[in-house]
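The values are calculated or read from the model by the stated rules, or taken from the named source; none is laboratory data. Every value quoted in this text rests on a predicted model; they were computed, and no experiment measured them. Positions of Cβ are generated from backbone atoms using ideal geometry, with glycine treated the same way; all protein chains shown enter the neighbour counts.
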Amino acid sequence: MVPVDAVDYGTAAGGGDSGTSQPRTVDALAAYRNRTGSIPGVGRRHDELLAADGSVRPHWAELVAGLEESGRGGERALQSRVRGLVDDHGITYNPIPADGSDSVAAPVRWGLDGIPLVLGADDWDSLERGLVQRSRLLDALLTDLYGPMRTVSKGLIPPALVFGDPGYIREAHGITIPGPRQLFIHAADVGRGADGRFRVVADRTQAPSGIGYALADRRVMSRATPELFQDTNPRPLSTFARAVRLALIDAAPAAAEDPVVVVLSPGSHSETAFDQAYLATVLGFPLVENADLVVRDGCLWMRSLGRLRRVDVVLRRVDAEFTDPLDLRPDSRLGVVGLVEVLRRGAVSMVNTLGSGVLENPALPPLLPALCRALLDEDLLLESTPATWGGEPHGVSRLVSRVRSLVFRSVTTRETVVGHDLDDAAADAFAGRLRAQPWTWVGQEVPEFSVAPAGSGFGGTIGAAEVGIRLFSVAQRAGYMPMNGGLGQVLVTSPVAEPLITVASKDVWVRSAERVTPADSAPNTPPASAEELPHYAAASNVDVVSSPRVLGDLFWFGRYSERAEDMTRLLIAARERHQDYRSMPWLDGSDSLPILLEAVTRVSGAGPGFLVEATRADAVTEFRSLTLSIDRLGSVAQSVDRLQQAARGVRDQLSNDTWAVLSRIDTALDELSASSAADGAQLAATQSAVLRGLLSLSGLAAESMVRDPGWYLMDCGRRIERGLQLTALLSATLSHALTPSTEQAVIDSVLSAAESSVIYRRRNRGRARPAAVAQLLLFDEGNPRSLVYQLARIKDDLGALPDASGTSRGEKLVEQIAVRLRRIDPGDLESVDASGRRVELIELVDGIHRQLEELSRVVLATHMVLPGGTQPLWGTVGRRQKQWNGTKNGDRA
């Protein structure tokens, strides 16, 4: 390579004034070159950016020129924008606990590098051809292994490799899906060696992850770098998403007229929960879990508010062995009882098919060249990372001789041993295991990866990192269609680790030989025929899931969002009153402070709190704890955390803007957490920011969600919670007669917490009367914060549900509460007994509070429990079966 300071980005990029841009260019290239020098063995690695003579490769020219124009600090600003957009889109992953426990870790931000990985048209052409051929080969192999098994009978694959592989599912033998392809989605992890050739590190065929992340990465990058994106003009990914959708519809059984397609997820605590939910959202298909599905009369059904809807296609993101606790793994809590039998009957199509994980067998790559010639009559185009199977002639001797330099994988258990990590004693012991059962082990060379520019982790400058790509293809009628790019990965390969350590993802920009517009279709995009378009449109009308699980998450989404908002308002009101009186306790109305502080504790339930006098002396610390402590019952942070958990469970049904709002709330809480414990200004700023976020969330729910059963139950939860918070607040503050000045201060704070101060002052000219407060907050039908208003909304919500009768237990309970209110004269609530207690007020608000709690239990028991009783899994093709088929979309569970 030529010296780095002799290279000019502006000139190499084919544009710009080299005289003005060279200083910046030299700095950038120097930083990149210095970083490459810090990577072990970099001289033997392929450089994606720089050619052998040190010049910028042509397909990077526009991107490099754009980075040059951004000036000093441009990379830092770009990475900041990317992080902000990642947060706004709620892109996360759930890390697996390092100790292997079943504990649930909090989701963490997805790492996305602000500098994409650019591939030239020639490189992509070779990758595309190799990937498509490899997909065809693995599909042919999968079809054979679960069919005639000629590859085994002819000795192309040793029987032990098939029957000893945990990925081979015997129960799946003979199960097929309609169409010519049995492998639906194929993913391949690819690295580029020092010779510039791409090689497959591993094939992913079980339930490949990453498509959702790749699509989300592209969405972020196109917004973070619109000018660079336009100048570079990478091939679009939208065509791949459309192809996946159409392929799923085509995979339905022949008898399905309007196929219902679902995406089966392990749940919101899965490591790639976002990936699954985002993919389901992009495809427009419901995201379901096992609790949403049930087998009845030989078919698979989706629960929907007490009814059943026939499912025709399942895009599986659950490992095969967990899909059916009846036929496969009895301890599985992720599968559906009887699903395997439904698949045998051909009543539903599942992709990837059960047992496709056998193609991930680590001993297969060395056999693929021969299999390719036997099955396709072609030479393998995209090679694998070199590997040796211990069962081949002289295989064990080669493995033992290199026990300290290979990565070993077990065929039978998928155990992995990294030879670099073994000391002498461990190496000798492992060599003994190899000699004892050589056929169960495969030794793979340490994979090679190229280096490319990266922004993540380099302090705002362009550094160099090793990169790999996960490529994807989807089955089509005529073959396989690849995604134009894939999921790029920034890797740490030294020391050698298994699995590879991924620092961040990268958007992969594939250049075209000729410039294309975003609307252009990518190569191999299947044309939409006139017959396909109506099929596509009909299947696009799939309703959202209304299973007990989903309805429960939406109900609690409404409750926790309201709980967080009401507690934030109450904390703000109490904190402001504390500021008024803490240093001037002699002022009129100062006696209101302990009443309000105790009300905060009683309403939140986070005792003992302000019920202890010592806590009142350090009120700011308590306010901070009730705002920030996720472990405290009723705190703002706990409600926000529960709100986010509920939201993640129904991510595919919420507006994308929801995650931007939740991100801002998290940011506000993080800022408070990082501040001094005595920083009252930051406490006030955080509470205000959280309140604004919660109000935005309320607005999104009101204006951006379709009015379906889930929305009505979400709104019902919000209204019940508002009623509970209001009655608890009134009971804690107005239950005793107070001096006029104290009562005035208490009422002012109550009205502030209930967001009713303005209208109260306008109507009552500021006079503090409990009866007037009760009239506004309990009986005023025009006040959206009043109790009677909440009851009216709850009645409407329950009445809008499909199974509403007007006489259900929940609807009757709402009417009982309303009748109780109608029988009360607000003026009577001011009366006090000899001890100064407002008995009628206490009995009213406490009684209604208990009734609202009962209403919540009734709603949960009515709409969010699984149907009981014994139902036939299989049934017979008789009158009952005909009834199921004849009313496919409306049967009662």
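Please count how many residues of the range 354-409 are within 18 Å of residue 167 (Cβ to Cβ), in contact with a helix residue (DSSP H, G or I) (Cβ under 7 Å, 6 or more places away or on another chain) and either free of Cβ contacts under 8 Å to residues at least 24 places away in the same chain or not in a helix (DSSP H, G or I) (or both).
9
Within the range 49-58, track down each residue that is crowded, with 22+ Cβ neighbours inside 10 Å and either at positive phi or within 35 Å of the chain's Cα centre (by Cα) (or both). Break it down into steps so the answer makes sense when it comes.
At the first step, the residues of the range 49-58 found to be crowded, with 22+ Cβ neighbours inside 10 Å are 49-50, 56.
Of everything in the range 49-58, just one residue is crowded, with 22+ Cβ neighbours inside 10 Å and either at positive phi or within 35 Å of the chain's Cα centre (by Cα) (or both), namely 49.
With respect to residue 203, determine if the residue is at pLDDT below 95 and either part of a loop (DSSP other than H, G, I, E, B) or over 30 Å from residue 660 (Cβ atoms) (or both).
On the way: at pLDDT below 95: no; either part of a loop (DSSP other than H, G, I, E, B) or over 30 Å from residue 660 (Cβ atoms) (or both): yes.
For residue 203, the condition - at pLDDT below 95 and either part of a loop (DSSP other than H, G, I, E, B) or over 30 Å from residue 660 (Cβ atoms) (or both) - is not met.
Filter the range 249-282 down to residues that are assigned to a loop (DSSP other than H, G, I, E, B) and over 18 Å from the mean Cα position of the chain (by Cα), then give me how many there are.
Number of matching residues: 10.
Scanning for something of a type in the set (Lys, Arg), part of a helix (DSSP H, G or I) and either in contact with a Lys or Arg (Cβ under 6 Å, 6 or more places away or on another chain) or more than 22 Å from residue 451 (Cα to Cα) (or both), does the range 59-74 turn up at least one residue? Break it down stepwise before answering.
Kept after step one, since they are of a type in the set (Lys, Arg), are these residues of the range 59-74: 72.
This time we only want the ones that are part of a helix (DSSP H, G or I), so: none.
Taking every residue of the range 59-74 in turn, none turns out to be of a type in the set (Lys, Arg), part of a helix (DSSP H, G or I) and either in contact with a Lys or Arg (Cβ under 6 Å, 6 or more places away or on another chain) or more than 22 Å from residue 451 (Cα to Cα) (or both).
Okay, residues lined up against (1) of a type in the set (D, E, K, R); (2) more than 18 Å from residue 831 (Cα to Cα); (3) not assigned by TED's automatic domain parsing to the domain that holds residue 598:
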{"position": "712", "(1), (2), (3)": "no, yes, no"}
{"position": "719", "(1), (2), (3)": "yes, yes, no"}
{"position": "729", "(1), (2), (3)": "no, yes, no"}
{"position": "734", "(1), (2), (3)": "no, no, no"}
{"position": "774", "(1), (2), (3)": "no, no, no"}
{"position": "783", "(1), (2), (3)": "no, yes, no"}
{"position": "791", "(1), (2), (3)": "no, yes, no"}
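Against the condition of a type in the set (Asp, Glu) and farther than 20 Å from residue 63 by Cα, how does residue 189 come out, does it pass?
Numbers: of a type in the set (Asp, Glu): yes; farther than 20 Å from residue 63 by Cα: yes.
For residue 189, the condition - of a type in the set (Asp, Glu) and farther than 20 Å from residue 63 by Cα - is met.
Just name the residue that is farthest from the chain's Cα centre (by Cα) out of those in the range 563-604 that are among the β-branched types (Val, Ile, Thr) and closer than 19 Å to residue 734 by Cβ.
Within the range 563-604, the match that is farthest from the chain's Cα centre (by Cα) is 595.
Could you tell me which of the residues 220, 162, 190 is outside any helix (DSSP H, G or I) and in contact (Cβ under 8 Å) with a residue 24 or more places away in the chain?
Step by step, each of 220, 162, 190 is checked, and only 190 is outside any helix (DSSP H, G or I) and in contact (Cβ under 8 Å) with a residue 24 or more places away in the chain.
Filter the range 751-777 down to the residues that are part of a loop (DSSP other than H, G, I, E, B) and touching a helix residue (DSSP H, G or I) at 6+ places or on another chain (Cβ under 9 Å), then identify the one that is surrounded by the most Cβ atoms within 10 Å (Cβ to Cβ).
Filtering the range 751-777 for residues that are part of a loop (DSSP other than H, G, I, E, B) and touching a helix residue (DSSP H, G or I) at 6+ places or on another chain (Cβ under 9 Å), the one surrounded by the most Cβ atoms within 10 Å (Cβ to Cβ) comes out as 754.
Looking at the range 283-324, which of its residues are in a loop (DSSP other than H, G, I, E, B) and aliphatic (A, V, I, L, M)?
Correct list: 305, 311, 318.
Could you figure out which of (1) buried (at least 19 other Cβ atoms within 10 Å of the Cβ); (2) farther than 30 Å from residue 309 by Cβ; (3) under 23 Å from the mean Cα position of the chain (by Cα) isn't true of residue 225?
So the condition that residue 225 fails would be (3).
Which condition does residue 167 not pass, out of (1) part of a helix (DSSP H, G or I); (2) in contact with a helix residue (DSSP H, G or I) (Cβ under 6 Å, 6 or more places away or on another chain); (3) within 25 Å of residue 247 (Cα to Cα), if it passes all the others?
The one condition residue 167 does not meet is (1).
Condition test on residue 232, is it among the hydroxyl-bearing types (Ser, Thr, Tyr) and under 19 Å from residue 472 (Cβ atoms)? Let's see the steps before the verdict.
On the way: among the hydroxyl-bearing types (Ser, Thr, Tyr): yes; under 19 Å from residue 472 (Cβ atoms): no.
In short, no.
Within the group 601, 627, 621, which residue is in a helix (DSSP H, G or I), of a type in the set (Val, Ile, Thr) and touching a residue at least 60 places away in the same chain (Cβ under 8 Å)? Break it down into steps so the answer makes sense when it comes.
Numbers: 601 fails: touching a residue at least 60 places away in the same chain (Cβ under 8 Å); 621 fails: touching a residue at least 60 places away in the same chain (Cβ under 8 Å).
Exactly one residue qualifies, and that residue is 627.
Only residues that are buried (at least 24 other Cβ atoms within 10 Å of the Cβ), farther than 15 Å from residue 109 by Cα and not hydroxyl-bearing (Ser, Thr, Tyr): list them for the range 265-282, please.
Correct list: 276, 277, 279, 280.
If the requirement is being surrounded by fewer than 14 Cβ atoms within 10 Å (Cβ to Cβ) and under 30 Å from residue 136 (Cα atoms), which of these qualifies: 478, 436, 425? Before the answer, list the steps.
Values: 436 fails: under 30 Å from residue 136 (Cα atoms); 425 fails: under 30 Å from residue 136 (Cα atoms).
Result of the check over 478, 436, 425: 478.
Name the residue, out of 759, 817, that is at pLDDT 95 or above and of a type outside the set (Gly, Ala, Ser).
Just one listed residue meets the conditions, 817.
Since residue 413 meets every condition but one in (1) under 31 Å from the mean Cα position of the chain (by Cα); (2) assigned to a helix (DSSP H, G or I), which condition does it not meet?
Failed condition: (2).
For the range 705-750: of the residues being assigned to a loop (DSSP other than H, G, I, E, B) and over 14 Å from residue 600 (Cα atoms), which is farthest from the chain's Cα centre (by Cα)?
So, considering only residues that are assigned to a loop (DSSP other than H, G, I, E, B) and over 14 Å from residue 600 (Cα atoms), the one farthest from the chain's Cα centre (by Cα) is 739.
Return yes when residue 691 is in the same structural domain as residue 638 (by TED's automatic domain parsing), touching a Ser or Thr at 6+ places or on another chain (Cβ under 6 Å), surrounded by 18 or more Cβ atoms within 10 Å (Cβ to Cβ) and closer than 17 Å to residue 621 by Cβ and no when it is not.
Here the answer is no, as residue 691 does not meet what is asked.
Which of the following residues is more than 21 Å from residue 85 (Cα to Cα), of a type in the set (S, T, N, Q) and either assigned to a helix (DSSP H, G or I) or not assigned by TED's automatic domain parsing to the domain that holds residue 736 (or both): 583, 673, 590?
Selected residue: 673, the only one of 583, 673, 590 that is more than 21 Å from residue 85 (Cα to Cα), of a type in the set (S, T, N, Q) and either assigned to a helix (DSSP H, G or I) or not assigned by TED's automatic domain parsing to the domain that holds residue 736 (or both).
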